[in-house]
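Data first, discussion second: the structure below is written as structure tokens.
The values are calculated or read from the model by the stated rules, or taken from the named source; none is laboratory data. As the structure is a prediction and not an experimental result, all values here were calculated from the model. Note that each Cβ is placed from the backbone with ideal geometry, even for glycine, and that neighbours are counted across all protein chains shown. What goes into the accessible areas is simple: the full protein's heavy atoms, side chains included, and nothing from ligands, DNA or RNA. Shrake-Rupley method; radii C 1.70, N 1.55, O 1.52, S 1.80 Å.
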Amino acid sequence: MVYVNGRFVPPEKAQIPVTDRAFLFADGVYEVIFGRAGRFAFWDLHMARLTRSAAELEIPLPLDSAGWLAVAKRLWSEGGDSGSIYLEVSRGAAPREHHFPDRIEPSTVAFIKPASAPESCLGPGVSAVLLEDQRWLRCDIKSVNLLPNVLAREEARRRGAREAILVRDGMLTEGAATNLFVVREGELWTHPANHLVLAGITRHVILEEARRLDLKIRLEPYAKADLAQADEIFVTGTTSHLLPIAEIRDEWRAKGPGPITAQLHDAYWRRLTTELEPAASAAASAG
Ligand code: PDD
């Protein structure tokens, strides 16, 4: 089932007009939330970010957190054990004019993407490529305007790599669909949450755990020129969780499994598997 503008329909019946502004202008916002058996990880943080993204673009949200949760739980009632829920709100459908139309109802879509239950993601690490960051200057908004991210991921795939790490003015920003962390001499670096990166929810949880572990955190961009000094590199995101990077093609190679990466992974994994909302008792009483 797919949720479209207040209705639950089979995917083949789910329709959005061709004049929808998400289709014409990428004029919409979205979220991806990890779920397990109808319960969701870091729900409130995702809702807060969706609210902010929509407010930045002046798109009214048709549902509040409780409304989205009801939609998510109903969609999941047919779904499997594990996966993610995708939510999108576009400005809506209107005759094609670039400026905001005067009277317009937002379009809302939600569906589940099943995935096999992750055991843990701390494998031997994946390959990445380094590419120029070609995105706009509002990467803090989680908008569906993802063409540069799509092109970067495709380039990574063609080169046999899992992720593209983006570089703007000589500084590493983030992955095509992940945030980037570098460990150097025991310090944890990640780009500050400004207009050049998405403030990832996974990033947020990792930083909380890093503080708890008393790691020294540097919320600063890491220079491409300093890659040789990096001891450990990993990327984070809702669907990839925490992925160690084994190599950045032609630029950097991990010396072995990273101890700080492993510590943060274990702390994150504990939170991912225990902080599912709503709590089991609330979920049971909500039916
Ligand atoms: N992407 N940076 C970018 C550009 C992203 O697209 C994402 C997530 C992240 C990580 O954010 P979070 O930890 O909140 O998932 C960082 C989602 C998963 C996607 O587009 O599918």
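With all protein chains present and a 1.4 Å probe, how do Leu87, Leu24 order by accessible area, largest first?
Sorted by accessible area, descending: Leu24, Leu87.
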### Query
Which one of Phe111, Val126, Ser90 has its Cα pushed farthest toward the positive end of the charge dipole of the chain, where Lys and Arg give +1 and Asp and Glu give -1 at the Cβ?
Phe111
## Note on the structure
Taking the square root of 5λ for each eigenvalue of the C-alpha gyration tensor of the chain, the equivalent ellipsoid has semi-axes, largest first and in whole angstrom, of 33, 24, 16
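How large is the helix-only mean residue ellipticity at 222 nm for the chain, computed as the sum of -39500 (n - 2.57) over DSSP H runs with n ≥ 4, divided by its residue count, in deg cm²/dmol to the nearest 500? Before the final figure, lay out the partial values.
Values: 7 runs with 77 residues, N = 287.
Mean residue ellipticity at 222 nm (helix-derived): -8000 deg cm²/dmol.
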### Message
Could you compute how much accessible surface Asp231 exposes when probed at 1.4 Å, giving the result in Å² to the nearest 10?
### Response
60 Å²
## Note on the structure
Mean 1/r over distinct Cα pairs of region 2-115, inverted to a Kirkwood Rh in Å, yields 14.5 Å
### Query
Heavy-atom accessible area of Met1 with all protein chains present, probe 1.4 Å, nearest 10 Å²?
80 Å²
### Message
If you average 1/r across every pair of different Cα atoms in region 158-232 and take the reciprocal, what Kirkwood value do you get, in Å?
### Response
12.9 Å
### Task
On a 0 to 90° scale, report how tilted helix 259-274 is relative to the longest principal axis of the chain, with both axes built from alpha carbons and the result rounded to the nearest 10.
20 degrees
### Message
Suppose every Lys and Arg Cβ carries +1 and every Asp and Glu Cβ carries -1, with no other charges. What dipole size does the chain come out with about its Cα centre, to the nearest 20 debye?
### Response
420 debye
### Restraint check, Lys13/Lys73; Lys73/Lys142; Lys142/Lys216; Lys73/Lys255; Lys113/Lys216; Lys73/Lys224, Cα-Cα greater than 32 Å
Lys73/Lys255; Lys113/Lys216; Lys73/Lys224
#### Entry: Ranking by accessible area, most exposed first, for Ser127, Ser82, Ser77 with a 1.4 Å probe
Ser77, Ser127, Ser82
### Task
Principal axes first, then extents: for the Cα atoms of region 140-287, list largest minus smallest coordinate on each axis, whole Å, largest first.
54, 37, 29
### Summary
Stokes-Einstein, Kirkwood over Cα pairs, region 40-79, 20 °C, 1.002 mPa s; D in µm²/s equals 196 µm²/s
